[in-house]
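The values are calculated or read from the model by the stated rules, or taken from the named source; none is laboratory data. Small disclaimer: the values here were computed from a predicted structure and weren't measured. Because the Cβ atoms are built from the backbone with ideal geometry, glycine has one as well, and the counts that use them run over all protein chains shown.
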Amino acid sequence: MEVRRLGPVVGLGTYQTFLDDVALANEVVGAAIGGGSTVFDSSPMYGPAEESLGAALHERRGAAVVATKIWAESVAEGRRQYEAQLGFFGRVDLQQVHNLVAWREQAAWIAEERDAGRIDRVGVTHFDAGGVEGFEEAMRSAAFDCVQIPLNPVERECEARILPLAEELGLAVIVMRPLGGARDRTLRPGPPVEALAPLRPFGVETWAQALLKWCLADPRVDLVIPATSKPERARENAAAGYGPPFGPDERRFVEELAGA
Ligand SMILES: NC(=O)c1ccc[n+]([C@@H]2O[C@H](COP(=O)([O-])OP(=O)(O)OC[C@H]3O[C@@H](n4cnc5c(N)ncnc54)[C@H](OP(=O)(O)O)[C@@H]3O)[C@@H](O)[C@H]2O)c1
């Protein structure tokens, strides 16, 4: 999978949203696909979310790109996680090293899987990519095709070095926490809907859509992966992948509304 070739798009994250509720996962995933989302991100760290996502995708697997992660100190445990994922998804399209854990060891065997054609891309993630030691080293190691990093109007540490480096190295960029994360309420509920009127010509009806379009307007960003437990929000978020892109004025307007 070439994440870049997907263009600026909205996918679906799965952290703490449907856990082991397969019926809910089915509804949310169905709504996301119906809305035009094709990329689904998970991890063994999210408990039963991978298995629920796999069950929800099932007959829709052909319409989806599965991005998941290896979160293990040892290669043996990493390979066990991969075996389980093959059971859930049939195939992993984008395999990422979660939070830099044992990244050299895990990236080595994941790259062998890629080179054998069994996965498409290798990525690396960190929830504090702009601050944690070692992320830039991992990016420069040539082990990875893409990075997953946090970015939103009040969490912009990655703009200083990580995004420029990704551009220099030609790495695709996936944005986690585009709505500010599951627990931090700084960005939500956001301003009243009337305040969004200047963004209507860009197809924006809601604050979440404004935040997602803000991320996608950075030309270095390929994919945003908001998570939700609500089918109607999966549709709403997917719609942010359409309509005219924001320019610098609209981005600044969203930053002002966010109090950034
Ligand atoms: N280290 C890592 O690799 C790492 C770390 C963090 C995240 N991630 C990935 O990135 C994904 C996204 O990050 P995240 O889940 O932390 O944060 P997020 O997507 O920024 O925020 C998720 C929260 O936003 C709410 N939400 C979603 N759509 C909404 C809408 N349209 N209107 C209002 N609220 C809405 C959800 O609540 P409802 O359920 O009530 O809609 C949920 O609580 C994760 O699910 C995961 O796949 C990876």
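Considered as a group, the residues in segment 237-260 that are of a type in the set (Phe, Trp, Tyr) and modelled with pLDDT of 95 or more include one that is farthest from the chain's Cα centre (by Cα), and that residue is 253. Kindly provide the set of residues from segment 210-236 that are near the ligand (Cβ under 6 Å from one of its atoms) and either under 14 Å from the mean Cα position of the chain (by Cα) or part of a loop (DSSP other than H, G, I, E, B) (or both), ordered by number. Scanning segment 210-236 gives 225, 226, 227, 228, 229, 230.
Quick check: anything in segment 142-154 over 13 Å from the mean Cα position of the chain (by Cα) and near the ligand (Cβ under 9 Å from one of its atoms)? Among the residues of segment 142-154, not one is over 13 Å from the mean Cα position of the chain (by Cα) and near the ligand (Cβ under 9 Å from one of its atoms), which makes the answer no.
Screening segment 142-158 for residues that are out of contact with any strand residue (DSSP E or B) (no Cβ under 6 Å at 6 or more places or on another chain) and assigned to a loop (DSSP other than H, G, I, E, B) and picking the one that is surrounded by the fewest Cβ atoms within 10 Å (Cβ to Cβ) gives 142. The set of residues from segment 159-196 being within 13 Å of the ligand (Cβ to nearest atom), exposed (fewer than 15 other Cβ atoms within 10 Å of the Cβ) and part of a helix (DSSP H, G or I) comprises just one member, 193. Quick check on residue 132: is it part of a loop (DSSP other than H, G, I, E, B), more than 22 Å from residue 39 (Cβ to Cβ) and in contact with a helix residue (DSSP H, G or I) (Cβ under 8 Å, 6 or more places away or on another chain)? Answer is yes for this residue. State yes or no: is residue 218 of a type in the set (Asp, Glu), under 20 Å from residue 10 (Cα atoms), touching a Lys or Arg at 6+ places or on another chain (Cβ under 6 Å) and in contact (Cβ under 8 Å) with a residue 40 or more places away in the chain? No; evaluated as a whole, the condition is false for this residue.
Residue-wise test of (1) surrounded by 16 or more Cβ atoms within 10 Å (Cβ to Cβ); (2) assigned to a helix (DSSP H, G or I).
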{"position": "15", "(1), (2)": "yes, no"}
{"position": "18", "(1), (2)": "yes, no"}
{"position": "25", "(1), (2)": "yes, yes"}
{"position": "31", "(1), (2)": "yes, yes"}
{"position": "52", "(1), (2)": "yes, yes"}
{"position": "82", "(1), (2)": "yes, yes"}
{"position": "87", "(1), (2)": "no, yes"}
